[in-house]
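Worksheet for the structure shown next.
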Amino acid sequence: MAQVSLVNVAKVYPNSIQAVADVTLGIERREFVVLVGPSGCGKTTILRMIAGLEDASKGKIFIGNKLVNDVPPKDRDIAMVFQNYALYPHMTVFQNMAFALKLRKYPKHEIETRVHDAAEILGIEKLLDRKPKELSGGQRQRVALGRAIVRKPLVFLFDEPLSNLDAKLRVQMRTEIKKLHQRLQATIVYVTHDQTEALTMGDRIVVLRDGSVQQVADPITLYDRPTNKFVAGFIGSPPMNFLTGVIVHLNNRYYFQNGPFRVRVVDSMIPKIAPYENKDIIFGVRAEDVYDKLFASEASPENTVRATCEVVEPMGAEAYLYLRAGSNAFIARVSGHVRPGVNQDLDLVFDMSKAHFFDINTEQSVLY
């Protein structure tokens, strides 16, 4: 398996649309890296440039220690799994998996060994004589994976491979791909728009927006320490709550305030928050860090806000409460057994040790 390195890589199309802007990224051997972001952020374009299906407008792309900008796709020793499976309908599963090896004139006995080994790994040994039309979506996805595995490439590239599957099968295939990575110890670059896939699968996650890298980090760091408002809002479900207000200094303490909504800033954050005294700022807090006072282990009056419950969304083991305090709307994620009535007033406790603050102009995190 090989490293993948992108150095100041950009992609500009002839109509002057910049799909990727000056991306520098290092992917280690055997690492599972996920490129995630909204539609049009450039993630698939980056993957296609690594594969050689798109030319980089500028910058350098390395696979291992080899510069591959001018190397054709067939010579880059990569295997790509596409969103639409791209199976040949007139061929059996065996023939689909063996096709690339036949083109490279591998011996017949080695082709059979590689195909059967891959089929065993994926649990599709009994499907080798079937054609794609006789397979379910999940089985077709396994065949597409098998076709990549038999190649034993330096790098695997996945382009939203689960987006055509139903919700239950997506969860199952996420687990299968993760197991596959652990078994093969492969270098994998995986593209998705689904942040749940990114958090559950990636060793590191690259968050993209408008062709630019916003943050590269492991899932926990990305979730707990987002570098800007975009990353904070994109990663996590439901999205982080954002409230705009001002930092006020009262009785030697600092507070975030917007009208009647006021919560105290914890002491450890004061050195970075104090320069924003009497200035507008964006306050962010995740839904799971807002508690019903009745169920909070610690409830300080300085971090408690009265709000009206406007909507309750039962989710089984948990429920989302859509709340409003004055002009401030936010969501709390609580136990599924908490079922307040619509328009009922609740006292909500904010865990301010997990609060986030963002500069209102740059939207960069003030804390990290």
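Using Cα pairs closer than 8 Å and at least 6 residues apart in sequence, work out the relative contact order for region 1-143, in percent.
Details: 171 pairs, mean separation 28.4, N = 143.
In percent, rounded to a whole number, it is 20.
For region 13-108, which trypsin sites (Lys or Arg not before Pro) pass both filters: DSSP loop (anything but H, G, I, E, B) and at most 13 other C-beta atoms within 10 Å? Spell out each step's value before the answer.
Working: sites: ARG29, ARG30, LYS43, ARG48, LYS58, LYS60, LYS66, LYS74, ARG76, LYS102, ARG104, LYS105, LYS108; in loops: ARG29, ARG30, ARG76, ARG104, LYS105.
Loop-located and lightly packed - ARG104, LYS105.
For TYR88, tell me the accessible area in Å² from a 1.4 Å probe, rounded to the nearest 10.
In the full protein context, TYR88 sits at about 90 Å².
Charges at C-beta only: +1 for Lys and Arg, -1 for Asp and Glu. How large is the resulting dipole of region 169-327 about its Cα centre, in Debye rounded to 20?
With Lys and Arg at +1 and Asp and Glu at -1, about 200 debye.
Go ahead and estimate [θ] at 222 nm for the chain from helices alone: -39,500 (n - 2.57) per DSSP H run with n ≥ 4, summed, over the residue count, rounded to 500. It would help to have the intermediate numbers written out before the result.
Details: 9 runs with 89 residues, N = 368.
Helix contribution divided over all residues of the chain: -7000 deg cm²/dmol.
Considering only protein heavy atoms, what per residue accessible area in square angstrom results for the chain with a 1.4 angstrom probe?
Roughly 47 Å² per residue, with all protein chains present.
If you place +1 on the Cβ of every Lys and Arg, -1 on the Cβ of every Asp and Glu, and leave all else neutral, what size is the dipole of the chain about its Cα centre, to the nearest 20 Debye?
So the magnitude is around 1340 debye.
Given the C-alpha centroids of region 6-50 and region 316-368, what is the distance between them in whole angstrom?
34
Could you give the semi-axes, largest first, of the ellipsoid that matches region 61-110, computed as the square roots of 5 times the alpha carbon gyration tensor eigenvalues and rounded to whole Å? Numbers along the way, then the final one.
Details: eigenvalues 131, 49, 13 Å².
Equivalent ellipsoid of region 61-110: 26, 16, 8 Å, largest first.
Where the accessible area of region 113-169 is counted over protein heavy atoms with a 1.4 Å probe, how much of it, in %, is carbon and sulfur?
44
Using 0.36 nm times the number of residues separating GLU120 and GLN364, minus their current alpha carbon distance, what extension gain do you get?
Extra length from GLU120 to GLN364 when fully extended: 83.0 nm.
Have a look at MET80, PHE94, GLY123 and report the one farthest towards the positive end of the charge dipole of region 45-141, computed about the Cα centre with Cβ charges (Lys/Arg +1, Asp/Glu -1).
In region 45-141, that residue is MET80.
Which one, VAL93, VAL33, VAL312, has the greatest fluctuation when you compute a Gaussian network model over the chain with C-alpha springs under 10 angstrom?
Judging by the Gaussian network model, the answer is VAL312.
Can you work out ³J(HN,Hα) from phi for every residue in region 206-220, in order, using Karplus 6.51 cos²θ - 1.76 cosθ + 1.60 and θ = phi - 60°, giving whole Hz and x for Gly and Pro?
Taking θ as phi minus 60°, the curve returns 10, 8, 10, 8, 6, x, 10, 6, 8, 6, 10, 6, 6, x, 5 Hz for region 206-220.
Relative to the Cα centre, what is the charge dipole magnitude of region 233-368, using +1 at the beta carbon of each Lys and Arg, -1 at the beta carbon of each Asp and Glu, and rounding to the nearest 20 debye?
Using only the charged Cβ atoms, the result is roughly 140 debye.
What percentages make up the Cα-Cα pair-distance distribution of region 253-293 when the bins are 5 Å wide from 0?
Using 5 Å bins, I get a P(r) of 5, 18, 30, 27, 14, 6, 0 for region 253-293.
The values are calculated or read from the model by the stated rules, or taken from the named source; none is laboratory data. If you're wondering where the values come from, they're calculated on a predicted model, not measured in any experiment. Here the Cβ is made from the backbone with ideal geometry for all residues, glycine too, and neighbour counts use every protein chain on show. Keep in mind that these areas ignore ligands, DNA and RNA; they rest on the heavy atoms of the full protein, side chains included. Shrake-Rupley method; radii C 1.70, N 1.55, O 1.52, S 1.80 Å.
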